[in-house]
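Student: If you scroll down you'll find the structure; I have some questions about it.
FYI, it's all coordinate maths here, none of it is from the lab. These figures come from a predicted structure and were not determined experimentally. All Cβ positions, even for glycine, are placed from backbone atoms using ideal geometry, and neighbour counts span all protein chains on display.
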């Protein structure tokens, strides 16, 4: 768009800037790096495909493991908490499944991000690509696996004769928020763990604790008082409850929880990417 004076309008200026930044090999601001990754989206697609093929290449069951692993975990938690601990929750298997799938995306992407840079050190140091493409590619790989597991949730919903509620339309928002949250954490951890390898070991314990601070095997409404006030500061709570509300209308997603999820996801994305940029030079020296 140009005005009558022949000068470029704001949209044309934005398009020219995007084209210029996308053509740069690497570097620049966070927005410029997004443009560079968009330009190399074919490489990003190739990394995702490579990781999926490599994970299941020597497996007899192949992609079926993506469904079998969460199915076995759901069965174990149903046995321990539903039968032994006797949690009185209607359709408990479906209840666990609605939050287990997004949790496995979060856990696998965050834990795998610690080695996404130094595990690809040859590619990082020898090929001119935005270095963010490696942790981002990992997050997208785990997101694809998350989508593969969703039919299991719908199968359980059919078995339990549970129709979806209007919260079905909020699922894309929940996925977008988790994508931003996980991407920010993955970018930060991929850079930090390259400089401090102990982070990878510490993270396993942190994820175990976080699992029990997130409403996967129990409803968020069970906690009260000061514990609940601390609990809702976890941005995963609102995200998981949006998934759960699709089949459990008694799940209450409060404006406070939703706000914390949105703010937490955006802050994670911005801070994680900014930290990655600041640590890129010392990270490359370490490699």
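Student: If R0 is 25 Å, what FRET efficiency do you get for residue 54 and residue 125 from their C-beta distance, rounded to 0.05?
Tutor: 0.75
Student: Gain in length, residue 222 to residue 43, computed as 0.36 nm per residue apart minus the alpha-carbon separation, to one decimal in nm?
Tutor: 59.9 nm
Student: Convert 25 °C to kelvin, take the viscosity as 0.890 mPa s, use the Kirkwood radius over C-alpha pairs of the range 62-173 as Rh, and evaluate the Stokes-Einstein diffusion coefficient in µm²/s, rounded to a whole number.
Tutor: Result for D is 152 µm²/s.
Student: Continuing with the same structure: Modelling each spin label as a point 7 Å along the Cα-to-Cβ direction, I'd like the residue 199/residue 155 distance in nm, to one decimal.
Tutor: 3.7
Student: If you split all Cα-Cα distances of the range 30-286 into 5 Å bins from zero, what percentages do you get per bin, shortest first?
Tutor: Whole-percent P(r) values from 0 Å outward: 1, 6, 12, 17, 18, 16, 13, 9, 5, 2, 1, 0.
Student: Still on this model: So for the range 238-287, what percent of the C-alpha to C-alpha distances run longer than 13 Å?
Tutor: 67
Student: At residue 65 and residue 271, where each label point lies 7 Å from the Cα along Cα→Cβ, what is the point-to-point distance in nanometres?
Tutor: About 3.4 nm, to one decimal.
Student: Something else now. If you find the alpha carbon centre of the range 62-141 and of the range 157-228, how far apart are they in angstrom?
Tutor: Each part reduced to its Cα centre gives a spacing of 10 Å.
Student: Moving to a separate point now. Under a plain spin-label model, where a point goes 7 Å from the Cα along Cα-to-Cβ, how far apart in nm are residue 208 and residue 286?
Tutor: Each label point lies 7 Å from its Cα, and together they span 2.4 nm.
Student: How high is the relative contact order of the range 32-142? Use alpha-carbon pairs under 8 Å, at least six apart in sequence, and give a whole percent.
Tutor: That works out to 37 percent.
Student: From a point 7 Å beyond the Cα of residue 250 in the direction of its Cβ, which residues of the range 85-105 have a backbone N at a distance under 20 Å?
Tutor: It comes to 85-100, nothing else.
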